[in-house]
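Reviewing the structure listed below.
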Amino acid sequence: MPHDHHDTHTSHEPHDHMAEMLDLDAAVLHDFHREVIGWVGSLTPDRAHVVDVGAGSGTGTLALATQLPGVQVTALDMDQDLLEHLRRRAAEAGVADRVRTVRADLDQGWPDLGAPADLVWASASMHHLADPARALADVRAALRPGGRFAIVELDSFPTFLTDPAGAAVEERCHAELARMRHEHGMHMDEDWGARLTAAGFEVDGQRRFDLELRPPLPPLAGRYAQVGLQRARHGLADRLPSDDLAALDAVLGTLPDRDDLVVRATRWVWIGRRP
């Protein structure tokens, strides 16, 4: 499974940039992540085996292990560098004894984990899979009866700029990113509730979160905006007009110190139960 949970990744992007972006997302949108894991955790046994699908830098893995202190978490990802980053973070957070990592490409099939899962967590990873129907069937088979599958997905990357010129450039970036996702066959607009039902799950719940963080923002919000727009600039370097690239270059250096940023994002969450 691809390890990148956002839309602008290219094969030339350093892993540390990717990991930083995922870590910043967890820090800036902390309240959202905490609320979702609290909801999912209320449906999960106290001592559960949790599998994080496409774990990336460990945002979900560490939040699950920290917020649900009785669970054991297995983190799946195909990128060994990100799994090493995750293991370091788990040790720093004091949860290494409850976190294990398994290198796996879910487009090639589900790994043998030795025990059924009580909860499978997939945050911004399902849209990367080549064959979602097969992945859903694999997850269903990996869950114990009564186990849950939580899918968290995003419509697009967050937006940040509020001045008219900056917002217009950002809008054009998002439109081009959407075209790229379509060209690459990403499953960004899936009805995962319908997909869960078709795969034999009962849908426990579905929620849309419209997130908007206004000033004063968390301390890392400026860096979050900077890294996000740098990644967009990098991914769209051969697709945007030179004027738009120049406008992005001009704004990037100002972001950490700006006080007019607004973080806006939409996230969807579906929870399916294996009967």
Open item on the list: More than 33 angstrom separation, counting every C-alpha pair in the chain; what % is that?
Closed with: 19
Task: Total charge dipole magnitude, the chain, about the Cα centre, Cβ charges on Lys, Arg, Asp, Glu only, Debye to nearest 20 - done: 980
Task: Alpha-carbon Rg/Rh ratio, for the stretch 94-143, with Rh computed the Kirkwood way - done: 0.97
Task: Cα gyration tensor category, rounded, prolate or oblate, for the stretch 77-165 with a/c compared to 1.5 - done: oblate
TODO: Tell me, rounded to the nearest percent, the portion of alpha carbon pairs in the stretch 197-263 spaced more than 19 Å apart.
DONE: 52
Task: Inter-centroid distance (Cα atoms) of the stretch 146-173 relative to the stretch 239-272, Å - done: 9
Task: Convex hull volume per residue for the stretch 21-173, taking Cα atoms only, in Å³ - done: 124
Open item on the list: Quick check: net charge around ALA133, other residues with Cβ under 14 Å of its Cβ, Lys/Arg +1 and Asp/Glu -1?
Closed with: -2
Task: Cα-only Debye scattering, the stretch 102-220: base-10 log of I(q)/I(0) at q = 0.14, 0.15, 0.19 Å⁻¹ - done: -0.75, -0.83, -1.09
Open item on the list: Can you work out the Karplus-derived ³J(HN,Hα) for every residue in the stretch 156-168? Use 6.51 cos²θ - 1.76 cosθ + 1.60 with θ = phi - 60°, whole Hz, and x for glycine or proline.
Closed with: 6, 6, x, 10, 9, 7, 10, 5, x, 5, x, 4, 5
Open item on the list: Compute the angle between helix 132-142 and the longest alpha-carbon principal axis of the chain, please, reported from 0 to 90 degrees and rounded to the nearest 10.
Closed with: 40
TODO: Could you give the size of the charge dipole of the stretch 149-250 about its Cα centre, using +1 on the Cβ of each K and R and -1 on the Cβ of each D and E, expressed in debye and rounded to the nearest 20?
DONE: 280
TODO: Quick one: angle between helix 80-92 and the longest Cα principal axis of the chain, in degrees between 0 and 90, rounded to 10, please.
DONE: 80
- [ ] Classify the stretch 18-102 as rounded, prolate or oblate from the Cα gyration tensor: take a ≥ b ≥ c as the square roots of its eigenvalues, call it rounded if a/c is under 1.5, otherwise prolate when a/b beats b/c and oblate if not.
- [x] oblate
- [ ] Give the Rg/Rh ratio for the stretch 68-128, taking Rg as the radius of gyration of the Cα atoms and Rh as the Kirkwood radius, to two decimals.
- [x] 0.95
- [ ] Specify which residue in the list GLN108, HIS128, LEU143 is farthest towards the positive end of the charge dipole of the stretch 101-145, using unit charges on the beta carbon of Lys, Arg (+1) and Asp, Glu (-1), about the Cα centre.
- [x] LEU143
Open item on the list: Given Cβ point charges of +1 (Lys, Arg) and -1 (Asp, Glu) and nothing else, what value in debye, to the nearest 20, does the dipole of the stretch 71-156 about its Cα centre take?
Closed with: 380
- [ ] Place +1 on the Cβ of every Lys and Arg and -1 on the Cβ of every Asp and Glu in the chain, take the dipole about the Cα centre, and give the residue among TYR224, GLN67, HIS184 whose Cα lies farthest towards its positive end.
- [x] GLN67
- [ ] Rounded to the nearest 10 degrees, what's the angle between the helix 221-235 long axis and the longest principal axis of the chain, both from Cα atoms, 0 to 90?
- [x] 80
TODO: Could you look at the stretch 193-275 and say what percent of its accessible area is carbon and sulfur, using a 1.4 Å probe and all protein chains?
DONE: 49
- [ ] Summarise the accessible area of the stretch 90-143 (1.4 Å probe, protein heavy atoms) by the percent that is carbon and sulfur.
- [x] 45
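The values are calculated or read from the model by the stated rules, or taken from the named source; none is laboratory data. Bear in mind the structure is a predicted one, so any value in this text is a computation, not a measurement. So basically every Cβ, Gly included, is an ideal-geometry build from the backbone, and we count neighbours across all protein chains shown. Quick note on the areas: whole protein, heavy atoms, side chains included, nothing else; ligands and nucleic acids left out. Shrake-Rupley method; radii C 1.70, N 1.55, O 1.52, S 1.80 Å.
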